[in-house]
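Okay, structure first, notes after.
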Amino acid sequence: MPVHSVATFRRLALAGVALCTLMMAVALGLEHIGGLEPCPLCVFQRIGVIAAGLALTAAAVHNPAGRVGRGLYSLLALAAVAGGGFVAGRHVWLQSLPADQVPSCGPGLDYMIDVLPMQEVVATVLSGSGECASVDAAFLGLSLPAWTLAGFIVLAALPLAMLRRALTR
């Protein structure tokens with residue numbers, strides 16, 4: 001296997017790690033400096049970013065030479081990106097609902113994690129609540145979840161390129 005293709009796989013993974021780091025830095029900056037508290041869907045989007053970042057970090061560190069290893073890391077990162085993108089898309093959809101169709105607010109995420117089984121927590125969070133439908137901040141006309149969705153779309157290009165390289169080499 002040519003050295004160039006191995007380095008390219010690693011570079012793509014490192015670019016993904018950099019993008020995940022940027023996305024989390026913005027989210028944490030908005031929370032701790034800007035005072036914006038994340039809603040439950042925002043927390044799940046962060047989990048998607050972190051999971052993708054961990055998969056891409058493992059891919060960069062391990063840097064497998066074979067198709068199987070590269071394909072597995074690519075698919076793992078892509079699954080994390082897809083999960084986070086799904087949650088961000090759901091969040092954007094909730095924000096687009098008319099006020100009379102917004103679901104009522106439920107209990108806080110900390111409370112649900114303490115008293116409910118994890119499967120029920122995930123189902124409840126994904127159904128959304130009134131707090132997730134409010135647009136607390138926007139930049140250039142897009143809400144923060146819309147920007148996060150855009151970030152996931154850009155991020156998806158990296159594991160897709162890694163997967164393409166894994167399958168064609």
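The values are calculated or read from the model by the stated rules, or taken from the named source; none is laboratory data. Just so it is clear, the model here is predicted, and its values are computed rather than measured. Here the Cβ positions follow ideal geometry from the backbone for every residue, glycine too, while neighbour counts run over all protein chains shown.
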Just one of the numbered conditions (1) assigned to a helix (DSSP H, G or I); (2) modelled with pLDDT of 65 or more is not true of E131; which one?
(2)
Quick one: is M112 at pLDDT 85 or above, surrounded by 15 or more Cβ atoms within 10 Å (Cβ to Cβ) and either farther than 20 Å from R10 by Cβ or not basic (K, R) (or both)?
no
Quickly run through segment 80-101 and pick out the residues that are touching a residue at least 12 places away in the same chain (Cβ under 8 Å), hydrophobic (A, V, I, L, M, F, W, C) and either within 19 Å of A161 (Cα to Cα) or exposed (fewer than 15 other Cβ atoms within 10 Å of the Cβ) (or both).
A80, V81, A82, L97
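From the list V26, V43, V92, pick out the single residue that is at pLDDT 90 or above, in a helix (DSSP H, G or I) and hydrophobic (A, V, I, L, M, F, W, C).
Being at pLDDT 90 or above, in a helix (DSSP H, G or I) and hydrophobic (A, V, I, L, M, F, W, C) holds for just one of V26, V43, V92, which is V26.
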Is there a residue in segment 99-107 that is assigned to a helix (DSSP H, G or I), modelled with pLDDT under 75, under 18 Å from the mean Cα position of the chain (by Cα) and polar (S, T, N, Q)?
no
